[in-house]
Amino acid sequence: MVKILNTNSRNLFLLLLGSILYNCNIYGQFWKDDKLSLIKSTVNSDLLRIDGYYYREVNSKYYSIYFFYNDGTLLYGGGGLTFQELIELEARFTTDIWLNSVRKYKDFWGLFAIEGNKIAFEHWYSSSGGPYPAYIRSGEILNDTTFRITQSMRSDGKEVNEKNEVYHFKQFSPKPDSTNNFVK
């Protein structure tokens, strides 16, 4: 006959099991954030302006924003913003409150690269309770103020989707500082 564990014994058992799984790195393997696959490097390209930010219009109503930096760093400025919210957010981009806030979260940061007239950028995306997945969006530079993303791919290659996202440049100064603890 199986004896049912009392509450204290069950808690001790669960604590020991959790410790064993964690130390054996079994549990840890299931909860690791994706690693970025792009390599951080200086971007020396006059094909794309980076003295501001890029935005994409979604359904003629909402906007997503990305800042690109010479060192290959990307900063996600936000998404799902109405035009009015975008204008209001611009006033906060260089404030310490906004910068300190985005520096706390991995999903605001990533990398980008330009090779010829091709662009790729990769960053983490928030998830509900699990690890942060990373996706690479890639496409072509149309001119120095516009690029089109044609593909989105999970960094591990498991998910590939076609896209048709056009990003436009808006000059903006001073840009938020790109210092962060996630992209090295």
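Every number in this text was worked out from the coordinates using simple rules, so none of it is lab data. As the structure is a computational prediction, the values presented were derived from the model and not from experiment. Using ideal geometry, Cβ is built from the backbone for each residue, glycine included, and neighbour counts are taken over all protein chains shown.
Listed here are the pairs LYS40/LYS104; LYS118/LYS184; LYS35/LYS61; LYS32/LYS170; LYS32/LYS61; which of them are more than 27 Å apart at the Cα? Write out the running numbers ahead of the final one.
Working: LYS40/LYS104 20 Å; LYS118/LYS184 23 Å; LYS35/LYS61 32 Å; LYS32/LYS170 35 Å; LYS32/LYS61 35 Å.
Checking Cα-Cα distances, LYS35/LYS61; LYS32/LYS170; LYS32/LYS61 exceed 27 Å.
Taking 7 Å steps out from each Cα toward its Cβ at GLU140 and ALA91 produces label points 4.1 nm apart.
What size of dipole, in debye to the nearest 20, comes out for the stretch 33-171 about its Cα centre when the only charges are +1 on Lys and Arg C-beta atoms and -1 on Asp and Glu C-beta atoms?
Details: 16 positive and 19 negative charges, 37 e Å.
Computed about the Cα centre, the dipole is about 180 debye.
Once a ≥ b ≥ c are taken as the square roots of the eigenvalues of the Cα gyration tensor of the stretch 33-171, is the result rounded (a/c under 1.5), prolate (a/b larger than b/c) or oblate (a/b not larger than b/c)? Rounded, since a/c falls under 1.5.
Using Cβ contacts closer than 10 Å as the measure, can you line up LEU99, LEU75, LEU48 from fewest to most?
On the way: LEU99 17, LEU75 24, LEU48 21.
Ordered by Cβ neighbours within 10 Å, fewest first: LEU99, LEU48, LEU75.
For the stretch 76-109, the list of chymotrypsin sites (Phe, Trp or Tyr not before Pro) that fall in a loop by DSSP and count at most 14 other C-beta atoms within 10 angstrom reads TYR105. In the stretch 72-163, which GluC sites (Glu not before Pro) are in a loop and have at most 12 other Cβ atoms within 10 Å, using DSSP for the loop call? Listed in order of number, the matching sites are GLU159.
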